[in-house]
Structure formats: structure tokens, C-alpha cells
Amino acid sequence: MYQTKENGTIQSLPYDKFLQQGAEGLTEEELIAIILRTGTRGEDALTLACRVLSVCDKRQGILGLHHVTLDQLMQVKGIGLVKAVKLKAIAELSRRMAVARVEKDAVFRNPQIVAQAYMERLRHLEKEHCIALYLDTKDSRIKDVELSIGNINSSIMSARELFRQALLCNATSVIIMHNHPSGDPTPSREDLLLTERLRQAASVMEIPLLDHIIIGDNTYISLKEKGVL
């Protein structure tokens with residue numbers, strides 16, 4: 001039985017368990033219960049945490065917090081605006097921490113490093129986002145630019161804008177990437193046509209297109225590795 005402290009502000013067992021075992025010893029429900037602090041009348045924070053997770057996609061579990069909206073969270077009895085904002089903030093912090101694991105000055109010499117750097121930024125998005133990664137002579141990142149946002153099935157990337165940005169930052173090469181909201185990174189016919197169009201433009205501009213990486217749900221496909229580039 002999860003008992004509350006006398007002031008009724010926090011669930012003692014998850015909190016004490018955290019102090020005794022560390023965060024890694026807690027379940028997702030217990031961690032969320034600590035964030036929520038309080039439950040509702042007749043219901044403790046742990047039970048409320050379980051109901052919050054039930055709103056998320058059952059296949060994704062806690063990752064579903066990336067996809068539920070504030071309004072959807074607030075439809076859970078006991079979740080007001082403040083608690084909903086806390087939960088979404090935690091989801092965003094986790095995404096940024098995952099991105100930060102990649103060193104800022106990482107050398108982007110293979111597709112795995114690129115995918116690792118951008119996976120958490122792109123895998124949870126519900127529309128296609130096209131990003132260009134501009135590199136210097138040592139394959140270090142100069143900057144990245146989001147060039148377009150499409151609908152759930154497609155996006156449009158402008159070759160003119162891609163290479164305008166490259167000239168502005170004096171990039172010596174470029175990598176493009178986009179996500180597939182379906183989670184399946186298999187390239188579509190449109191993806192292949194886009195890659196060929198940009199490859200030809202890159203040749204004219206003498207700014208090599210090193211790769212086109214498609215991000216899925218915790219997986220990716222490199223068109224360079226596939227022999228397309």
C-alpha cells in the first residue's frame with residue numbers, strides 16, 4: 001500500500017525508494033508519481049501515474065509522452081494544467097538529454113554518428129522534417145538548418161535553399177536527413193528522386209552531398225550505405 005506523508009504532498013514509498021535505491025530502481029509509474037507529487041481524492045499519486053501512462057500509446061509506454069498533448073493529459077482526472085506541463089517538460093528534457101550525449105564537436109564521418117545525434121530530435125515528430133547538416137573540411141558540424149516541414153507523408157526540400165545556406169556558412173560538404181513519422185525508414189520513390197536531384201545540384205555547386213539519412217523509430221537508413229550515393 002502506498003502511504004502518503006502527513007502533509008499529503010508526496011507519496012512516501014516511491015520517494016523513499018528513490019533515496020534508498022536511486023532512480024534506476026524505480027518503475028516508470030513510480031518516477032511519474034514523484035513528479036506528480038499528489039493524487040486525487042481517494043487515489044494516490046502512483047495510481048494517477050498509472051492512468052497517465054494508460055493515455056500513452058501502449059506500444060510506446062513512457063515514450064508516448066512525446067506524442068500526447070496538454071489537452072489529452074488534462075482529460076485524465078487529477079491532471080490539471082500544472083501537472084500536464086510538468087509531464088511534457090520531463091518528456092522534452094529527456095529528449096534533449098539524449099541529444100546532448102553526442103559531443104557538440106563530434107566528427108560526422110559515418111551515418112551511425114549522424115543518426116545517433118539526430119534520432120531523438122526527429123523520431124517522435126508527426127510530420128516529416130527535413131534537416132541539412134553542414135560540415136567543414138574536418139567533417140565537424142558548422143550548423144544544421146531545418147529546411148522544410150511537410151505533411152505526414154511527404155516534405156519538400158529546396159535545392160536552392162540547401163546550397164544557399166551552405167555558401168553562407170562556407171560549408172565544404174552537406175548531409176541531409178528527414179524522418180518518416182510511420183517509424184519505417186524505408187526510402188520512398190520520392191525520397192530516391194529527391195536524393196538524385198540534390199546529388200546533381202551538389203555536383204554543380206562543388207559541395208558534395210555526403211549522405212541522405214532517413215530516420216525511423218529508433219532506426220535509420222543511410223542512402224550512402226545503400227549505394228544510392
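The values are calculated or read from the model by the stated rules, or taken from the named source; none is laboratory data. Every value quoted in this text rests on a predicted model; they were computed, and no experiment measured them. All Cβ positions, even for glycine, are placed from backbone atoms using ideal geometry, and neighbour counts span all protein chains on display. Protein only, heavy atoms only, side chains kept; ligands, DNA and RNA dropped before computing areas. Shrake-Rupley method; radii C 1.70, N 1.55, O 1.52, S 1.80 Å.
Restricted to segment 209-221, and to residues there that are open to solvent by less than 70 Å² (accessible area, probe 1.4 Å) and over 17 Å from Tyr134 (Cα atoms), the residue that is farthest from the chain's Cα centre (by Cα) is Ile221.
Of the set (1) surrounded by fewer than 16 Cβ atoms within 10 Å (Cβ to Cβ); (2) among the hydrophobic types (A, V, I, L, M, F, W, C); (3) part of a loop (DSSP other than H, G, I, E, B), all apply to Leu167 but (3).
Working carefully through the options Leu46, Leu36, find the one that is in contact with a Pro (Cβ under 7 Å, 6 or more places away or on another chain) and at pLDDT 85 or above. The unique qualifying residue is Leu46.
Taking residues in segment 23-50 that are more than 15 Å from Ala84 (Cα to Cα) and assigned to a helix (DSSP H, G or I), and partners anywhere that are at pLDDT below 90 and among the β-branched types (Val, Ile, Thr), the pairs with Cβ atoms closer than 7 Å and at least 6 places apart or on different chains are Glu28/Ile62. Filtered by the rule that a residue be closer than 13 Å to Met157 by Cβ and within 24 Å of the chain's Cα centre (by Cα), segment 180-208 gives Glu190, Asp191, Leu194, Thr195.
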